[in-house]
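What follows is a single structure, written as structure tokens, with notes after it.
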Amino acid sequence: MSTSPSTPRKLIALSFARAAEDYARGLTLEHYMESISQATQRKITLESLDLVHARRPEVQVFNELLVQYRRRRQRDIVQVVPDNMVVIHPEPVQAERSFDIPLQCPIEPFWMLEYVSRSSQHKDYQESFEKYERDLKVPYYLLFYPEDQELTLYHHNGRRYVSVKPNAEGRLAIAELDLEIGIHESWARYWYRGQLLPLPAELQRDLEQERREKEEYRRRAEQSEQRAEQSERRAEQSELRADEERRLRLALEQELERLRAQGGKRRDRPANGG
């Protein structure tokens, strides 16, 4: 059912509610499976931006909230689920099951955040990028690959997304929020007015434990590689010694054969004056 300015708000809400239900029913088990790195990064973002919200209540952050809208002159409802979404609005946003753009007007997404792991390839990030850039024209879009340590912040210039260049501190700035983003100890972390936003003690301990486990895994991998190299060197040295022994044995056999040949010649030579 298409909508027009004269369509009753309740009918619009009903169509979007049905679309949300259909979307939820269509999800496969794979959509509910995410990597530890994705879950950890979403938790870091929520904890950090909650501190920003405490200082600036208009900055509101949402976690895996279904966003729905219609393209112009199209009937079908378009859907996308960012890992995190930020909106700027002085009053609490009423969005329980989905954030329906026509019903939330004039509130619109200000910043979309996505965290990509090798195990989340079911999600079409290129399609999401196009929705944010072409349809919604979301001002900012953050894309982070925890496993590859790649962090990119896009800013919409009115026509398309352009990547934000790092500032003097090597961080990516969102001036409207007094916020900067950068990779710190393998995670996307947030600086508010130049200060790194702290994490709760429990989460910080988890990150430290994960860092120690990664370091231990790296150390063991290096030790295993060193042992393999040492074993390979010993095998090469053993082969060299075997080659040297074969060469010496061959030389000895040749020398013995030469000496035998010389002894035979002496016996065959006639005596002087015979």
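The values are calculated or read from the model by the stated rules, or taken from the named source; none is laboratory data. Predicted model, so just to flag it, every value in this text is computed and none were measured. Note that we place each Cβ from the backbone using ideal geometry, even for glycine, and neighbour counts take in every protein chain shown.
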When the stretch 82-109 is checked residue by residue, the ones that are without any contact (Cβ under 8 Å) to a residue 24 or more places away in the chain and crowded, with 17+ Cβ neighbours inside 10 Å are Q104, I107
Given the conditions (1) buried (at least 17 other Cβ atoms within 10 Å of the Cβ); (2) assigned to a helix (DSSP H, G or I), report the number of the one that M112 does not fulfil.
(2)
Quick check on my filter: what residues within the stretch 179-225 are of a type in the set (D, E), assigned by TED's automatic domain parsing to the domain that holds E147 and touching a residue at least 24 places away in the same chain (Cβ under 8 Å)?
E185
Which count do you get for residues in the stretch 82-98 that are modelled with pLDDT of 95 or more and assigned to a strand (DSSP E or B)?
5
Residues of the stretch 179-199 being part of a loop (DSSP other than H, G, I, E, B), surrounded by 16 or more Cβ atoms within 10 Å (Cβ to Cβ) and either touching a Gly at 6+ places or on another chain (Cβ under 9 Å) or modelled with pLDDT of 95 or more (or both), which ones?
none
From the list E202, E133, pick out the single residue that is part of a helix (DSSP H, G or I) and surrounded by fewer than 13 Cβ atoms within 10 Å (Cβ to Cβ).
E202
Kindly check whether there is at least one residue in the stretch 62-75 that is over 19 Å from L153 (Cα atoms) and part of a helix (DSSP H, G or I).
no
